[in-house]
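Before I ask anything, let me first share the structure, which is written out below as structure tokens.
The values are calculated or read from the model by the stated rules, or taken from the named source; none is laboratory data. None of these values were measured; they are calculated from a predicted model. Cβ atoms come from the backbone with ideal geometry, glycine included; neighbour counts cover every protein chain shown. Ligands, DNA and RNA are stripped out before the accessible areas are found, and what is left, the full protein with its side chains, is counted by its heavy atoms. Shrake-Rupley method; radii C 1.70, N 1.55, O 1.52, S 1.80 Å.
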Amino acid sequence: MQIDAIRSRPIYPGLAIAPLARRHIFALEGEGAGALLDIAGSLTPAVLGRSQILYVARGSLGVGHHGALQTLGAAFWAAPTVQPLLGRLDVELSRSHMGTRLYLAGTEGFIGQAMQVAAAHGIDPASVITEHRGSLARRVQCVHCKGVTEGVTASPFVCSHCGLSLFVRDHYSRRLGAFQGVNIDAEEPGAVPPPEELYL
């Protein structure tokens, strides 16, 4: 059973431009491109002239956005996978000064990982503008071996690191950017219910 109103879960209010920011950094994953394209009408030439778009195409609706993002007129960089994008985000934030606004859009796992990069630069999570787009698949940390499995869509599932059958808790760790998975058959080994697709 999943619980809806868990306080540890982040809230993603949607992208909205902070017009007085000195610099805008957009980190977008897959369908997250749509979050920026949907508000393109509010992007003035002045805002775009102070903007950097970092993008990685992922997911079924995550392809085909390169051209649309480039035509916005902001500095644009496309990454082949998430890890290089996070590395580039780290570099961009290291060059940033007071007045920079960070915008993140994509899956919850991507937003969580990008938030970790931002936190390493002392950015308050409350100041990051976020929007969830795309799959509900979860990034889950096994509380037993500490391994992280990406793209979890069912509970229980088998940990990709230690092989334990894990129940996906609805508790989200902002520090880890992941949900928590606990051994479901610890008291009765082998008593594992069939997986239920919950996060598609």
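Only one of 47, 82 is under 13 Å from the mean Cα position of the chain (by Cα) and in contact (Cβ under 8 Å) with a residue 24 or more places away in the chain; which?
Step by step, each of 47, 82 is checked, and only 82 is under 13 Å from the mean Cα position of the chain (by Cα) and in contact (Cβ under 8 Å) with a residue 24 or more places away in the chain.
How many of the residues making up segment 22-42 are in a loop (DSSP other than H, G, I, E, B) and either closer than 30 Å to residue 182 by Cβ or at pLDDT below 95 (or both)?
Selection size over segment 22-42: 2.
Determine whether segment 140-150 contains at least one residue that is buried (at least 17 other Cβ atoms within 10 Å of the Cβ) and touching a Cys at 6+ places or on another chain (Cβ under 7 Å).
yes
Return only the number of the condition from (1) buried (at least 17 other Cβ atoms within 10 Å of the Cβ); (2) in contact with a helix residue (DSSP H, G or I) (Cβ under 6 Å, 6 or more places away or on another chain) that residue 93 does not satisfy.
(2)
Further question: If I filter segment 183-195 for residues that are touching a Gly at 6+ places or on another chain (Cβ under 8 Å) and of a type outside the set (Ser, Thr, Tyr), do I get at least one hit?
No, because not a single residue in segment 183-195 is touching a Gly at 6+ places or on another chain (Cβ under 8 Å) and of a type outside the set (Ser, Thr, Tyr).
Could you figure out which of (1) touching a strand residue (DSSP E or B) at 6+ places or on another chain (Cβ under 6 Å); (2) in contact (Cβ under 8 Å) with a residue 60 or more places away in the chain isn't true of residue 98?
For residue 98, the exception is condition (1).
A follow-up question, please. Of all the residues that make up segment 166-195, how many are touching a strand residue (DSSP E or B) at 6+ places or on another chain (Cβ under 8 Å) and more than 11 Å from residue 144 (Cα to Cα)? Spell out the reasoning first.
First, the residues of segment 166-195 that are touching a strand residue (DSSP E or B) at 6+ places or on another chain (Cβ under 8 Å): 166-173, 176-185, 192, 195.
From what's left, more than 11 Å from residue 144 (Cα to Cα): 167-173, 176-179, 184-185, 192, 195.
Total satisfying the criteria: 15.
What do you reckon, is residue 66 more than 17 Å from residue 24 (Cα to Cα) and in the same structural domain as residue 29 (by TED's automatic domain parsing)?
Yes, satisfied.
Within segment 114-139, restricting attention to residues that are over 18 Å from residue 53 (Cβ atoms) and among the polar types (S, T, N, Q), which residue is surrounded by the most Cβ atoms within 10 Å (Cβ to Cβ)?
135
Could you check segment 151-160 and list, in sequence order, the residues that are crowded, with 19+ Cβ neighbours inside 10 Å and either outside any strand (DSSP E or B) or touching a helix residue (DSSP H, G or I) at 6+ places or on another chain (Cβ under 6 Å) (or both)? Quick ask: steps written out before the conclusion?
Residues of segment 151-160 crowded, with 19+ Cβ neighbours inside 10 Å: 152, 155-157, 159.
Residues satisfying the conditions are 156, 159.
Just give me the residues in segment 168-187 being in a strand (DSSP E or B), surrounded by fewer than 18 Cβ atoms within 10 Å (Cβ to Cβ) and among the aliphatic types (A, V, I, L, M), in sequence order.
Hit for segment 168-187 is 182, nothing else.
Those residues that are surrounded by 13 or more Cβ atoms within 10 Å (Cβ to Cβ) and modelled with pLDDT under 95, I need them from segment 48-67; list them, please.
57, 58, 59, 61, 62, 65, 66
Which of the residues spanning segment 104-131 are touching a strand residue (DSSP E or B) at 6+ places or on another chain (Cβ under 9 Å), within 20 Å of residue 81 (Cβ to Cβ) and in contact (Cβ under 8 Å) with a residue 40 or more places away in the chain?
104, 105, 106, 107, 108, 109, 110, 111, 112, 113, 114, 115 - these are the residues of segment 104-131 that are touching a strand residue (DSSP E or B) at 6+ places or on another chain (Cβ under 9 Å), within 20 Å of residue 81 (Cβ to Cβ) and in contact (Cβ under 8 Å) with a residue 40 or more places away in the chain.
Among (1) touching a Phe, Trp or Tyr at 6+ places or on another chain (Cβ under 7 Å); (2) open to solvent by 30 Å² or more (accessible area, probe 1.4 Å); (3) at pLDDT 95 or above, which single condition is residue 9 missing?
Unmet for residue 9, out of (1) touching a Phe, Trp or Tyr at 6+ places or on another chain (Cβ under 7 Å); (2) open to solvent by 30 Å² or more (accessible area, probe 1.4 Å); (3) at pLDDT 95 or above: (3).
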